[in-house]
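Just below is one structure, and these are the notes that go with it.
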Amino acid sequence: MEKPTDIKRDMTKDVDLEPARIEVVEGTTTVTTSSSFRDQFRAVKLHKRAVLAGYDLTLIGSIIANNEFVQQFGRYDDTSQTWSLPANYQLVWSIVQYVSATVSALCGGYLNDTFGRRVCFLITVLLAVCGTFVELFSTNWKVWIVAKIFMGSAMGSMQANTQTFVSEITPTSIRGLALSLFQFWVISGQLIASCVLEGTSHVSDSWSWKGAVVSQFGPSLFCIVMFFSFGVESPYFLVSKDRMEDARAALAQLRAGENIDLDEEVGHIHATLLHERRAQENAPSLLECFQGTNLRRTLLACLPVVMQILLGYPLCGNYLSYFLSLSGVSNSFLITVISVVCSLVAALFAFVLIERVGRRRQMLTGCCGMLVCLLIISILGFEGLGQVWNYQSLAAFCIIWAVFYYASVGAVGWAIVGEISSSRLRAKTTSLAALSSSLTNMVWSIAIPYLVNKENANLGAKSALIFLGFGFVLTGVCFLCLPETKGKSFARLDALFEARTPARKFDD
(Lines give C-alpha, C1' and ligand atoms only; values in the text may rest on other atoms or scores of the structure.)
Protein backbone atom coordinates (compact mmCIF):
# COMPACT_ATOMS: atom_id res chain seq x y z
CA MET A 1 0.00 0.00 0.00
CA GLU A 2 1.42 3.40 -0.98
CA LYS A 3 1.70 6.13 1.60
CA PRO A 4 -0.45 9.23 1.03
CA THR A 5 2.58 11.24 -0.04
CA ASP A 6 3.46 8.61 -2.64
CA ILE A 7 -0.05 8.65 -4.08
CA LYS A 8 0.00 12.42 -4.23
CA ARG A 9 3.13 12.41 -6.41
CA ASP A 10 1.46 10.41 -9.17
CA MET A 11 -1.98 11.86 -9.77
CA THR A 12 -2.57 10.01 -13.04
CA LYS A 13 -2.05 6.38 -12.12
CA ASP A 14 -4.86 3.94 -11.46
CA VAL A 15 -5.47 3.15 -7.83
CA ASP A 16 -7.10 0.31 -5.98
CA LEU A 17 -10.44 1.64 -4.83
CA GLU A 18 -11.30 -1.16 -2.43
CA PRO A 19 -9.81 -0.76 1.05
CA ALA A 20 -8.28 -3.87 2.55
CA ARG A 21 -10.83 -3.78 5.35
CA ILE A 22 -13.66 -4.54 2.91
CA GLU A 23 -14.27 -8.19 2.19
CA VAL A 24 -16.66 -9.25 -0.57
CA VAL A 25 -18.47 -12.41 0.46
CA GLU A 26 -21.10 -14.04 -1.75
CA GLY A 27 -21.94 -10.80 -3.52
CA THR A 28 -22.39 -8.70 -0.38
CA THR A 29 -20.05 -6.29 1.27
CA THR A 30 -19.05 -7.15 4.80
CA VAL A 31 -17.37 -4.41 6.78
CA THR A 32 -14.79 -5.45 9.31
CA THR A 33 -14.31 -2.01 10.85
CA SER A 34 -15.02 -2.19 14.58
CA SER A 35 -18.08 -0.20 15.61
CA SER A 36 -17.59 1.26 19.03
CA PHE A 37 -19.95 3.08 21.31
CA ARG A 38 -17.67 6.10 20.88
CA ASP A 39 -18.40 6.23 17.12
CA GLN A 40 -22.14 6.09 17.74
CA PHE A 41 -22.02 8.75 20.46
CA ARG A 42 -20.01 11.02 18.16
CA ALA A 43 -22.74 10.77 15.51
CA VAL A 44 -25.36 11.50 18.18
CA LYS A 45 -23.53 14.70 19.13
CA LEU A 46 -23.26 15.91 15.54
CA HIS A 47 -26.97 15.31 14.91
CA LYS A 48 -28.05 17.31 17.96
CA ARG A 49 -28.49 20.35 15.72
CA ALA A 50 -31.54 18.67 14.21
CA VAL A 51 -33.27 19.36 17.55
CA LEU A 52 -33.17 23.03 16.53
CA ALA A 53 -35.16 22.31 13.36
CA GLY A 54 -37.88 20.28 15.06
CA TYR A 55 -38.00 22.72 17.95
CA ASP A 56 -38.33 25.85 15.81
CA LEU A 57 -40.89 24.41 13.39
CA THR A 58 -43.17 23.19 16.20
CA LEU A 59 -42.70 26.29 18.32
CA ILE A 60 -43.34 28.89 15.65
CA GLY A 61 -46.12 26.84 14.10
CA SER A 62 -47.98 26.89 17.42
CA ILE A 63 -47.37 30.30 19.00
CA ILE A 64 -49.15 32.05 16.11
CA ALA A 65 -52.34 31.00 17.94
CA ASN A 66 -51.14 32.58 21.20
CA ASN A 67 -53.32 35.59 22.15
CA GLU A 68 -50.40 37.67 23.42
CA PHE A 69 -48.42 36.90 20.26
CA VAL A 70 -51.36 37.88 18.05
CA GLN A 71 -51.74 41.19 19.91
CA GLN A 72 -48.01 41.90 19.46
CA PHE A 73 -47.79 41.13 15.74
CA GLY A 74 -51.39 41.18 14.47
CA ARG A 75 -54.05 43.77 13.66
CA TYR A 76 -57.02 45.03 15.62
CA ASP A 77 -60.41 44.95 13.91
CA ASP A 78 -62.59 47.81 15.18
CA THR A 79 -65.72 46.21 13.77
CA SER A 80 -65.39 42.88 15.55
CA GLN A 81 -63.21 44.36 18.33
CA THR A 82 -60.81 41.44 18.11
CA TRP A 83 -57.14 40.89 17.32
CA SER A 84 -56.14 38.69 14.38
CA LEU A 85 -52.95 37.62 12.64
CA PRO A 86 -53.45 38.28 8.91
CA ALA A 87 -52.88 35.31 6.64
CA ASN A 88 -50.59 37.36 4.40
CA TYR A 89 -48.22 37.94 7.36
CA GLN A 90 -47.98 34.21 7.94
CA LEU A 91 -47.51 33.59 4.22
CA VAL A 92 -44.63 36.07 4.04
CA TRP A 93 -42.96 34.48 7.09
CA SER A 94 -43.22 31.00 5.55
CA ILE A 95 -41.92 32.06 2.14
CA VAL A 96 -39.01 34.02 3.62
CA GLN A 97 -37.99 31.11 5.84
CA TYR A 98 -38.06 28.55 3.02
CA VAL A 99 -36.31 30.85 0.54
CA SER A 100 -33.60 31.51 3.13
CA ALA A 101 -33.25 27.76 3.70
CA THR A 102 -32.99 27.21 -0.05
CA VAL A 103 -30.27 29.84 -0.54
CA SER A 104 -28.40 28.64 2.55
CA ALA A 105 -28.52 25.02 1.39
CA LEU A 106 -27.19 26.01 -2.03
CA CYS A 107 -24.34 28.03 -0.51
CA GLY A 108 -23.69 25.32 2.05
CA GLY A 109 -21.96 23.06 -0.46
CA TYR A 110 -19.35 25.71 -1.27
CA LEU A 111 -18.89 26.68 2.38
CA ASN A 112 -18.40 23.06 3.44
CA ASP A 113 -15.81 22.49 0.73
CA THR A 114 -14.04 25.79 1.42
CA PHE A 115 -14.01 26.17 5.21
CA GLY A 116 -14.67 22.62 6.36
CA ARG A 117 -17.43 20.72 8.09
CA ARG A 118 -16.65 21.91 11.65
CA VAL A 119 -16.81 25.60 10.76
CA CYS A 120 -20.17 25.11 9.03
CA PHE A 121 -21.42 23.22 12.08
CA LEU A 122 -20.72 26.31 14.21
CA ILE A 123 -22.22 28.66 11.61
CA THR A 124 -25.49 26.72 11.76
CA VAL A 125 -25.78 27.07 15.53
CA LEU A 126 -24.82 30.77 15.51
CA LEU A 127 -27.48 31.50 12.88
CA ALA A 128 -30.08 29.84 15.11
CA VAL A 129 -28.90 31.87 18.12
CA CYS A 130 -29.14 35.12 16.12
CA GLY A 131 -32.62 34.17 14.94
CA THR A 132 -33.74 33.49 18.50
CA PHE A 133 -32.46 36.89 19.68
CA VAL A 134 -34.34 38.66 16.85
CA GLU A 135 -37.54 36.73 17.66
CA LEU A 136 -37.26 37.66 21.33
CA PHE A 137 -36.84 41.39 20.70
CA SER A 138 -39.20 41.70 17.71
CA THR A 139 -41.74 44.50 18.04
CA ASN A 140 -43.72 44.03 14.82
CA TRP A 141 -44.29 41.49 12.06
CA LYS A 142 -41.65 43.05 9.79
CA VAL A 143 -38.88 42.51 12.35
CA TRP A 144 -40.09 38.92 12.68
CA ILE A 145 -39.23 38.53 8.97
CA VAL A 146 -35.57 39.09 9.86
CA ALA A 147 -35.83 36.31 12.43
CA LYS A 148 -37.23 34.00 9.74
CA ILE A 149 -34.24 34.80 7.52
CA PHE A 150 -31.85 33.67 10.25
CA MET A 151 -33.87 30.58 11.16
CA GLY A 152 -34.32 29.55 7.53
CA SER A 153 -30.61 30.00 6.89
CA ALA A 154 -29.82 27.85 9.92
CA MET A 155 -32.14 25.11 8.65
CA GLY A 156 -30.60 25.09 5.16
CA SER A 157 -27.07 25.13 6.54
CA MET A 158 -27.86 22.24 8.88
CA GLN A 159 -29.30 20.09 6.09
CA ALA A 160 -26.30 20.78 3.85
CA ASN A 161 -23.73 20.05 6.54
CA THR A 162 -24.94 17.39 8.96
CA GLN A 163 -25.24 14.33 6.72
CA THR A 164 -22.01 15.13 4.89
CA PHE A 165 -20.10 15.44 8.17
CA VAL A 166 -21.57 12.30 9.75
CA SER A 167 -21.12 10.09 6.69
CA GLU A 168 -17.42 11.00 6.48
CA ILE A 169 -16.47 10.30 10.09
CA THR A 170 -18.55 7.18 10.73
CA PRO A 171 -17.41 3.59 10.07
CA THR A 172 -19.29 1.86 7.26
CA SER A 173 -20.77 -0.73 9.62
CA ILE A 174 -22.85 1.88 11.50
CA ARG A 175 -23.08 4.57 8.82
CA GLY A 176 -26.76 3.97 8.09
CA LEU A 177 -27.71 4.03 11.76
CA ALA A 178 -25.71 7.21 12.33
CA LEU A 179 -27.25 9.01 9.34
CA SER A 180 -30.80 8.05 10.31
CA LEU A 181 -30.35 9.82 13.67
CA PHE A 182 -31.17 13.11 11.92
CA GLN A 183 -34.91 12.48 11.94
CA PHE A 184 -34.79 11.14 15.51
CA TRP A 185 -33.51 14.47 16.80
CA VAL A 186 -36.02 16.44 14.71
CA ILE A 187 -38.82 14.51 16.45
CA SER A 188 -37.14 15.02 19.83
CA GLY A 189 -37.17 18.76 19.18
CA GLN A 190 -40.88 18.59 18.37
CA LEU A 191 -41.61 16.73 21.60
CA ILE A 192 -39.64 19.18 23.75
CA ALA A 193 -41.27 22.17 22.04
CA SER A 194 -44.77 20.70 22.59
CA CYS A 195 -44.09 20.32 26.30
CA VAL A 196 -42.64 23.84 26.57
CA LEU A 197 -45.67 25.30 24.80
CA GLU A 198 -48.03 23.50 27.18
CA GLY A 199 -46.12 24.98 30.12
CA THR A 200 -46.00 28.56 28.83
CA SER A 201 -49.68 28.48 27.79
CA HIS A 202 -50.61 29.07 31.44
CA VAL A 203 -48.69 32.40 31.55
CA SER A 204 -50.94 35.43 31.14
CA ASP A 205 -48.57 38.15 29.82
CA SER A 206 -46.22 38.43 26.82
CA TRP A 207 -43.92 35.84 28.36
CA SER A 208 -46.46 33.22 27.33
CA TRP A 209 -44.77 33.38 23.91
CA LYS A 210 -41.44 34.97 24.83
CA GLY A 211 -40.79 32.19 27.32
CA ALA A 212 -41.21 29.64 24.54
CA VAL A 213 -38.82 31.62 22.32
CA VAL A 214 -36.20 31.92 25.07
CA SER A 215 -36.29 28.16 25.56
CA GLN A 216 -34.68 27.81 22.11
CA PHE A 217 -31.40 28.96 23.64
CA GLY A 218 -31.23 25.64 25.51
CA PRO A 219 -30.73 23.39 22.45
CA SER A 220 -28.43 25.99 20.87
CA LEU A 221 -26.21 26.16 23.95
CA PHE A 222 -26.07 22.38 24.10
CA CYS A 223 -24.98 22.27 20.44
CA ILE A 224 -22.21 24.79 21.11
CA VAL A 225 -20.95 22.65 24.01
CA MET A 226 -21.00 19.64 21.67
CA PHE A 227 -18.99 21.64 19.11
CA PHE A 228 -16.17 22.41 21.51
CA SER A 229 -16.17 18.88 22.93
CA PHE A 230 -15.82 17.44 19.42
CA GLY A 231 -12.66 18.85 17.89
CA VAL A 232 -12.29 16.65 14.80
CA GLU A 233 -12.58 17.81 11.21
CA SER A 234 -13.65 15.39 8.49
CA PRO A 235 -10.64 13.42 7.19
CA TYR A 236 -12.17 13.57 3.69
CA PHE A 237 -12.15 17.37 3.78
CA LEU A 238 -8.58 17.46 5.10
CA VAL A 239 -7.32 15.05 2.43
CA SER A 240 -9.12 17.04 -0.28
CA LYS A 241 -7.07 20.05 0.87
CA ASP A 242 -3.83 17.99 0.87
CA ARG A 243 -3.55 18.33 4.65
CA MET A 244 -2.35 14.75 5.08
CA GLU A 245 -0.88 15.11 8.55
CA ASP A 246 -4.02 16.78 9.85
CA ALA A 247 -6.10 14.00 8.29
CA ARG A 248 -3.90 11.40 9.99
CA ALA A 249 -4.33 13.18 13.34
CA ALA A 250 -8.10 13.36 12.84
CA LEU A 251 -8.26 9.65 12.07
CA ALA A 252 -6.13 8.89 15.11
CA GLN A 253 -8.74 10.63 17.26
CA LEU A 254 -11.70 9.12 15.41
CA ARG A 255 -10.31 5.58 15.51
CA ALA A 256 -8.61 5.71 18.92
CA GLY A 257 -8.33 2.23 20.39
CA GLU A 258 -8.76 0.48 17.02
CA ASN A 259 -5.98 -1.56 15.49
CA ILE A 260 -5.65 0.14 12.10
CA ASP A 261 -2.84 1.54 9.97
CA LEU A 262 -3.48 5.29 9.88
CA ASP A 263 -1.27 5.88 6.84
CA GLU A 264 -3.11 3.15 4.98
CA GLU A 265 -6.48 4.66 6.00
CA VAL A 266 -5.46 8.11 4.75
CA GLY A 267 -4.23 6.44 1.57
CA HIS A 268 -7.62 4.83 1.00
CA ILE A 269 -9.39 8.17 1.38
CA HIS A 270 -6.90 9.82 -0.96
CA ALA A 271 -7.28 7.02 -3.49
CA THR A 272 -11.06 7.38 -3.50
CA LEU A 273 -10.90 11.16 -3.98
CA LEU A 274 -8.13 10.82 -6.57
CA HIS A 275 -10.11 8.35 -8.63
CA GLU A 276 -13.16 10.62 -8.61
CA ARG A 277 -11.23 13.61 -9.94
CA ARG A 278 -9.05 11.83 -12.51
CA ALA A 279 -11.18 13.14 -15.37
CA GLN A 280 -11.10 16.74 -14.15
CA GLU A 281 -8.45 18.47 -12.08
CA ASN A 282 -10.51 21.56 -11.30
CA ALA A 283 -12.23 22.16 -7.98
CA PRO A 284 -15.58 20.36 -7.68
CA SER A 285 -18.51 22.38 -9.04
CA LEU A 286 -22.28 22.12 -8.99
CA LEU A 287 -22.22 21.48 -12.73
CA GLU A 288 -20.36 18.20 -12.15
CA CYS A 289 -23.32 16.96 -10.11
CA PHE A 290 -25.32 16.87 -13.37
CA GLN A 291 -22.68 15.22 -15.55
CA GLY A 292 -22.13 11.55 -16.33
CA THR A 293 -22.85 9.07 -13.56
CA ASN A 294 -23.00 11.95 -11.06
CA LEU A 295 -26.39 12.96 -12.51
CA ARG A 296 -27.85 9.61 -11.46
CA ARG A 297 -26.40 9.99 -7.97
CA THR A 298 -27.69 13.55 -7.63
CA LEU A 299 -31.22 12.55 -8.65
CA LEU A 300 -31.14 9.61 -6.23
CA ALA A 301 -30.04 11.95 -3.43
CA CYS A 302 -32.97 14.28 -4.16
CA LEU A 303 -35.52 11.46 -4.54
CA PRO A 304 -36.04 10.46 -0.86
CA VAL A 305 -36.24 14.02 0.51
CA VAL A 306 -38.81 14.96 -2.14
CA MET A 307 -40.72 11.77 -1.32
CA GLN A 308 -40.89 12.92 2.32
CA ILE A 309 -43.09 15.81 1.18
CA LEU A 310 -45.03 14.29 -1.71
CA LEU A 311 -46.04 11.19 0.25
CA GLY A 312 -48.29 13.33 2.42
CA TYR A 313 -46.33 15.13 5.14
CA PRO A 314 -47.96 18.55 4.49
CA LEU A 315 -51.36 16.95 5.20
CA CYS A 316 -50.78 14.05 7.61
CA GLY A 317 -47.84 15.60 9.44
CA ASN A 318 -49.15 19.14 9.81
CA TYR A 319 -52.94 18.76 10.06
CA LEU A 320 -53.26 16.36 13.00
CA SER A 321 -54.10 19.21 15.39
CA TYR A 322 -56.67 20.53 12.88
CA PHE A 323 -58.48 17.19 12.74
CA LEU A 324 -58.26 16.89 16.54
CA SER A 325 -59.89 20.31 16.96
CA LEU A 326 -62.85 19.10 14.89
CA SER A 327 -63.12 15.71 16.58
CA GLY A 328 -64.24 16.99 19.98
CA VAL A 329 -61.17 15.64 21.80
CA SER A 330 -60.89 17.59 25.05
CA ASN A 331 -57.13 17.21 25.58
CA SER A 332 -55.53 17.71 22.18
CA PHE A 333 -52.12 18.32 23.80
CA LEU A 334 -52.10 14.79 25.23
CA ILE A 335 -52.99 13.28 21.85
CA THR A 336 -50.31 15.38 20.15
CA VAL A 337 -47.69 14.16 22.64
CA ILE A 338 -48.83 10.56 22.11
CA SER A 339 -48.44 11.09 18.37
CA VAL A 340 -44.92 12.49 18.75
CA VAL A 341 -43.93 9.65 21.10
CA CYS A 342 -45.23 7.10 18.57
CA SER A 343 -43.13 8.82 15.91
CA LEU A 344 -40.11 8.73 18.20
CA VAL A 345 -40.56 5.00 18.81
CA ALA A 346 -40.91 4.46 15.05
CA ALA A 347 -37.65 6.34 14.47
CA LEU A 348 -35.91 4.17 17.07
CA PHE A 349 -37.31 1.10 15.33
CA ALA A 350 -35.85 2.43 12.07
CA PHE A 351 -32.38 2.43 13.66
CA VAL A 352 -32.74 -1.27 14.44
CA LEU A 353 -33.83 -2.08 10.89
CA ILE A 354 -31.55 0.07 8.78
CA GLU A 355 -28.41 -2.07 9.14
CA ARG A 356 -30.41 -5.31 9.00
CA VAL A 357 -32.97 -5.07 6.21
CA GLY A 358 -31.26 -2.29 4.25
CA ARG A 359 -32.31 1.14 3.00
CA ARG A 360 -34.14 0.04 -0.15
CA ARG A 361 -36.44 -2.54 1.47
CA GLN A 362 -37.14 -0.26 4.44
CA MET A 363 -38.09 2.61 2.13
CA LEU A 364 -40.40 0.49 -0.02
CA THR A 365 -42.15 -1.16 2.94
CA GLY A 366 -42.81 2.19 4.60
CA CYS A 367 -44.08 3.70 1.34
CA CYS A 368 -46.62 0.90 0.96
CA GLY A 369 -47.88 1.50 4.51
CA MET A 370 -48.21 5.24 3.90
CA LEU A 371 -50.08 4.64 0.64
CA VAL A 372 -52.65 2.50 2.48
CA CYS A 373 -53.12 5.27 5.07
CA LEU A 374 -53.50 7.91 2.35
CA LEU A 375 -56.10 5.75 0.62
CA ILE A 376 -58.14 5.42 3.83
CA ILE A 377 -57.83 9.15 4.58
CA SER A 378 -59.05 9.87 1.03
CA ILE A 379 -62.09 7.64 1.57
CA LEU A 380 -62.82 9.42 4.86
CA GLY A 381 -62.89 12.64 2.85
CA PHE A 382 -66.07 11.36 1.20
CA GLU A 383 -67.70 9.26 3.93
CA GLY A 384 -69.06 10.44 7.29
CA LEU A 385 -68.33 14.10 6.71
CA GLY A 386 -69.00 16.32 9.72
CA GLN A 387 -69.31 13.41 12.14
CA VAL A 388 -67.09 13.06 15.19
CA TRP A 389 -66.07 9.47 14.33
CA ASN A 390 -64.83 10.70 10.96
CA TYR A 391 -62.47 13.28 12.47
CA GLN A 392 -61.29 10.81 15.10
CA SER A 393 -60.53 8.30 12.35
CA LEU A 394 -58.66 10.95 10.37
CA ALA A 395 -56.54 11.79 13.42
CA ALA A 396 -55.87 8.09 14.07
CA PHE A 397 -54.72 7.39 10.52
CA CYS A 398 -52.55 10.52 10.52
CA ILE A 399 -50.76 9.02 13.54
CA ILE A 400 -50.46 5.60 11.85
CA TRP A 401 -49.16 7.32 8.72
CA ALA A 402 -46.54 9.09 10.87
CA VAL A 403 -45.36 5.75 12.31
CA PHE A 404 -44.77 4.36 8.80
CA TYR A 405 -43.15 7.66 7.75
CA TYR A 406 -40.64 7.89 10.58
CA ALA A 407 -39.81 4.17 10.38
CA SER A 408 -38.92 4.51 6.70
CA VAL A 409 -38.76 7.61 4.50
CA GLY A 410 -38.34 10.02 7.40
CA ALA A 411 -35.33 8.22 8.90
CA VAL A 412 -33.84 6.56 5.84
CA GLY A 413 -34.23 9.47 3.41
CA TRP A 414 -31.43 11.61 4.79
CA ALA A 415 -29.27 8.51 5.34
CA ILE A 416 -29.43 7.86 1.59
CA VAL A 417 -28.48 11.49 0.91
CA GLY A 418 -25.33 11.06 2.98
CA GLU A 419 -24.29 7.84 1.25
CA ILE A 420 -25.30 7.99 -2.39
CA SER A 421 -23.08 10.82 -3.67
CA SER A 422 -19.42 10.63 -4.60
CA SER A 423 -16.97 11.65 -1.88
CA ARG A 424 -15.64 14.55 -3.93
CA LEU A 425 -19.10 16.02 -4.58
CA ARG A 426 -20.80 14.99 -1.34
CA ALA A 427 -21.15 18.48 0.14
CA LYS A 428 -22.59 19.91 -3.07
CA THR A 429 -24.89 16.94 -3.71
CA THR A 430 -26.21 17.19 -0.15
CA SER A 431 -26.81 20.91 -0.74
CA LEU A 432 -28.83 20.11 -3.86
CA ALA A 433 -30.89 17.56 -1.93
CA ALA A 434 -31.53 20.13 0.80
CA LEU A 435 -32.44 22.64 -1.90
CA SER A 436 -34.97 20.18 -3.37
CA SER A 437 -36.44 19.57 0.07
CA SER A 438 -36.80 23.28 0.86
CA LEU A 439 -38.38 24.15 -2.50
CA THR A 440 -40.86 21.27 -2.36
CA ASN A 441 -41.69 22.08 1.25
CA MET A 442 -42.24 25.75 0.45
CA VAL A 443 -44.61 25.01 -2.44
CA TRP A 444 -46.77 22.62 -0.43
CA SER A 445 -46.74 24.72 2.73
CA ILE A 446 -48.37 27.45 0.65
CA ALA A 447 -50.68 25.16 -1.31
CA ILE A 448 -52.08 22.82 1.35
CA PRO A 449 -54.04 25.44 3.38
CA TYR A 450 -55.82 26.54 0.20
CA LEU A 451 -56.66 22.91 -0.61
CA VAL A 452 -57.90 21.96 2.87
CA ASN A 453 -59.51 25.07 4.38
CA LYS A 454 -63.26 25.60 4.04
CA GLU A 455 -62.98 29.17 2.76
CA ASN A 456 -60.85 28.03 -0.21
CA ALA A 457 -60.96 24.73 -2.17
CA ASN A 458 -62.52 22.97 0.84
CA LEU A 459 -61.11 19.57 -0.14
CA GLY A 460 -60.34 18.63 3.45
CA ALA A 461 -59.22 15.01 3.66
CA LYS A 462 -59.93 14.58 -0.06
CA SER A 463 -56.60 16.33 -0.70
CA ALA A 464 -54.97 13.02 0.32
CA LEU A 465 -55.87 11.81 -3.19
CA ILE A 466 -53.25 14.20 -4.60
CA PHE A 467 -50.54 12.74 -2.38
CA LEU A 468 -51.80 9.23 -3.12
CA GLY A 469 -51.18 9.85 -6.82
CA PHE A 470 -47.70 11.24 -6.22
CA GLY A 471 -47.02 8.38 -3.83
CA PHE A 472 -47.81 5.62 -6.33
CA VAL A 473 -45.54 7.19 -8.94
CA LEU A 474 -42.64 7.85 -6.56
CA THR A 475 -42.86 4.40 -4.96
CA GLY A 476 -42.57 2.93 -8.45
CA VAL A 477 -39.56 5.13 -9.18
CA CYS A 478 -38.03 4.07 -5.86
CA PHE A 479 -38.52 0.38 -6.72
CA LEU A 480 -36.93 0.76 -10.16
CA CYS A 481 -34.13 3.21 -9.43
CA LEU A 482 -33.06 3.20 -5.76
CA PRO A 483 -30.06 0.90 -5.11
CA GLU A 484 -29.10 -0.74 -1.82
CA THR A 485 -26.16 1.04 -0.13
CA LYS A 486 -26.05 -0.97 3.10
CA GLY A 487 -22.56 -2.16 4.03
CA LYS A 488 -20.84 -0.69 0.98
CA SER A 489 -17.79 1.54 1.22
CA PHE A 490 -17.73 4.81 -0.71
CA ALA A 491 -15.12 3.26 -3.01
CA ARG A 492 -17.37 0.27 -3.68
CA LEU A 493 -20.31 2.58 -4.47
CA ASP A 494 -18.09 4.53 -6.89
CA ALA A 495 -17.25 1.30 -8.73
CA LEU A 496 -20.90 0.22 -8.95
CA PHE A 497 -22.10 3.57 -10.28
CA GLU A 498 -19.24 3.83 -12.77
CA ALA A 499 -20.17 0.37 -14.08
CA ARG A 500 -23.76 1.68 -14.47
CA THR A 501 -25.03 -1.23 -12.41
CA PRO A 502 -28.87 -1.42 -12.35
CA ALA A 503 -30.38 -0.56 -8.96
CA ARG A 504 -31.73 -4.05 -8.31
CA LYS A 505 -28.33 -5.65 -9.03
CA PHE A 506 -26.26 -3.69 -6.51
CA ASP A 507 -26.23 -6.74 -4.23
CA ASP A 508 -25.51 -9.31 -6.97
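Quick notes on this structure:
- Some residue of segment 455-464 being over 22 Å from ILE269 (Cα atoms) and among the charged types (D, E, K, R): yes
- Options VAL119, VAL103, VAL96: the member that is surrounded by fewer than 24 Cβ atoms within 10 Å (Cβ to Cβ) and farther than 23 Å from ALA427 by Cβ: VAL96
- From the options LEU122, LEU126, residue that is free of Cβ contacts under 8 Å to residues at least 24 places away in the same chain and in a helix (DSSP H, G or I): LEU126
- Residue in segment 176-191 that is modelled with pLDDT under 90 and of a type in the set (Ser, Thr, Tyr) present: yes
- Of all residues in segment 275-330 being hydrophobic (A, V, I, L, M, F, W, C) and modelled with pLDDT under 75, the one that is farthest from CYS481 (Cα to Cα): VAL329
- Residues (in contact with a Cys (Cβ under 8 Å, 6 or more places away or on another chain) and not small (Gly, Ala, Ser)) located in segment 468-484: LEU474, THR475, CYS478
- Residues in segment 47-106 that are within 23 Å of GLN183 (Cα to Cα), at pLDDT 80 or above and not β-branched (Val, Ile, Thr): 8 in all.
Each row is one residue, and each column tells you yes or no for (1) surrounded by fewer than 23 Cβ atoms within 10 Å (Cβ to Cβ); (2) over 17 Å from GLN163 (Cβ atoms); (3) of a type outside the set (Asp, Glu).
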site	(1), (2), (3)
ILE376	yes, yes, yes
ALA396	yes, yes, yes
ILE400	yes, yes, yes
LEU425	no, no, yes
SER436	yes, no, yes
GLU455	yes, yes, no
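- Only residues that are in a helix (DSSP H, G or I) and crowded, with 18+ Cβ neighbours inside 10 Å were counted in segment 457-492, giving 15.
- In the condition set (1) buried (at least 17 other Cβ atoms within 10 Å of the Cβ); (2) among the polar types (S, T, N, Q); (3) at pLDDT 60 or above, THR29 is compliant with all but (3).
- Any pair with Cβ under 6 angstrom, 6 or more apart, that starts in segment 300-321 at a residue that is buried (at least 24 other Cβ atoms within 10 Å of the Cβ) and ends at one that is among the basic types (Lys, Arg) and at pLDDT 95 or above: none
- When ILE448, ILE466 are checked against the criterion of being in contact (Cβ under 8 Å) with a residue 60 or more places away in the chain, within 26 Å of the chain's Cα centre (by Cα) and either closer than 23 Å to GLY384 by Cβ or not assigned by TED's automatic domain parsing to the domain that holds GLY413 (or both), ILE448 stands alone in meeting it.
- There is no residue in segment 444-451 that is out of contact with any Ser or Thr (no Cβ under 9 Å at 6 or more places or on another chain), among the β-branched types (Val, Ile, Thr) and either over 26 Å from LEU295 (Cα atoms) or surrounded by fewer than 20 Cβ atoms within 10 Å (Cβ to Cβ) (or both).
- Residue among SER153, SER80, SER138 that alone is buried (at least 23 other Cβ atoms within 10 Å of the Cβ) and of a type in the set (Gly, Ala, Ser): SER153
The values are calculated or read from the model by the stated rules, or taken from the named source; none is laboratory data. All figures in this text were calculated on a predicted structure; none of them were measured in a lab. Please note: Cβ atoms are built from the backbone with ideal geometry, for glycine as well, and neighbour counts cover all protein chains shown.
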